[in-house]
Amino acid sequence: MPTVYQRKRALVIGIDNYRVEPLKYCVNDAQDLKKALVAMDFEVTLILNCDYCKFFNEVDQFIAQITHSDLTLFYFAGHGKQMDEQNFLLPSNYDYDYRHSESKYLSENAVNVRYITKAIDEKSCCVTIYMFDCCRNNVCTRSPDQKQGLSAIHGLPETLVVFSCAPGKAAMDETYNGRNGVFMGSLLQYITESHNHIEELLRNVARDVKNQTNGFQLPYRTSSFTDSVYLLNDKQEPFGVHSRRPLKCHGRPCDKCGHCRDWRQCGIDSSDGFPVYEKRACVTCCGAKYAYHDGHGHLYDSVLNGFGSSSICTCPDNV
């Protein structure tokens, strides 16, 4: 069953104008991704050629507005760097002069990826997608290089992390369509296809990028998704979003078929703030029913035209 969400939000950042080693296609990539996401009803914040202060401020403002029922997407195109097994995204004014420790300079003048992922994870949104379309080598360039790149990111629940190239490789600052980098050029061809869930979409992108670069660049991803995630709403239910913490008990059996109703949280009702739970079983014979949890172990049946009878959830994990 597809994962369902109530709102789609994206923070899209592209930086070309670096003081050292400027890039060519990151701004185009960010602008074109925004257009594609807006066409899919995303709320998109677009940031271009930002310095350190603006980068941090925009990240903080975006994260502050995340809610539990959001699909959250973070995309960065620009220079990236690894130091001491930590990943950093470089703002436009990054200008290390080699006179002092770069580790200290990075920590004070670049954005630590761990800061972003930790802050977003604390919001417990239902789906999180990170796309790092940045250099993955220690000399900070999107030209081909064999040095070790950004560290892989693991362990975040209901999260997909995408790098535009595999560990040990650099993303090429080249174009095959005259406007976009290799990764984004391929992504834009597939991202609006409603019949593909995002991991299938990314497999298609990886195949195309590999073929276009003769095997040099291969997008890399890690995922902890437990259900399929579609970016277009025609693959979603028209309401709600699954929680990372489903009900531990199974509610009452269905009066008609005897199957377990298996209530699972699917969002928060905006009018009264109560969690709303979806009945995953018996939809065929009972219809699409939902429930409100009153915080005291009670599940109240709800159908689309109003409330019905109440039922008691006795599992202490749900109280």
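What follows draws every value from the coordinates through simple rules; no lab data is involved. None of these values were measured; they are calculated from a predicted model. Reconstructed Cβ throughout: ideal geometry from the backbone, glycine too, with neighbour counts over all protein chains shown.
Taken over the stretch 7-235, lysine pairs spaced eight or more positions apart, or on distinct chains, with alpha carbons under 15 Å apart number 9. Give me the net charge for the shell around PHE56: Cβ to Cβ below 15 angstrom, other residues only, Lys and Arg +1, Asp and Glu -1. Local net charge: -1.
Residues whose amide H falls under 5 Å from that of LEU231, counting only those 5 or more places apart or on a different chain, are ILE198, with hydrogens built in the peptide plane. Using the Cβ of ILE191 as centre and a radius below 11 Å, the other residues enclosed give a net charge of -1, where K and R count +1 and D and E count -1. Taking the DSSP bridge list for the stretch 7-235 and keeping only pairs wholly inside it, about 30 percent are antiparallel.
Residue ranges 215-225, 65-75, 181-191 sort as 181-191, 65-75, 215-225 when ordered by packing (mean number of other C-beta atoms within 10 Å per residue, highest first). As a proxy for reagent exposure, TYR5, TYR115 were ordered by neighbouring Cβ count within 10 angstrom, fewest first; the result is TYR115, TYR5.
Kirkwood Rh over alpha-carbon pairs of the stretch 3-57, then Stokes-Einstein at 10 °C and 1.306 mPa s: what D in µm² s⁻¹, rounded to an integer? D = 129 µm²/s.
Counted by neighbouring Cβ atoms within 10 Å, the residues SER107, SER124, SER92 run from fewest to most as SER107, SER124, SER92. Karplus-based coupling profile of the stretch 177-191, in residue order and whole Hz: 10, x, 9, 10, x, 4, 5, 5, x, 6, 4, 5, 6, 10, 5, with θ = phi - 60° in 6.51 cos²θ - 1.76 cosθ + 1.60 and x standing for Gly or Pro.
Run a plain Debye calculation on the stretch 7-235 (Cα atoms as equal point scatterers, no solvent) and give log10 I(q)/I(0) at q = 0.07, 0.17 Å⁻¹, rounded to two decimals, same order as the q list. Taking Cα atoms of the stretch 7-235 as identical point scatterers yields -0.19, -1.29.
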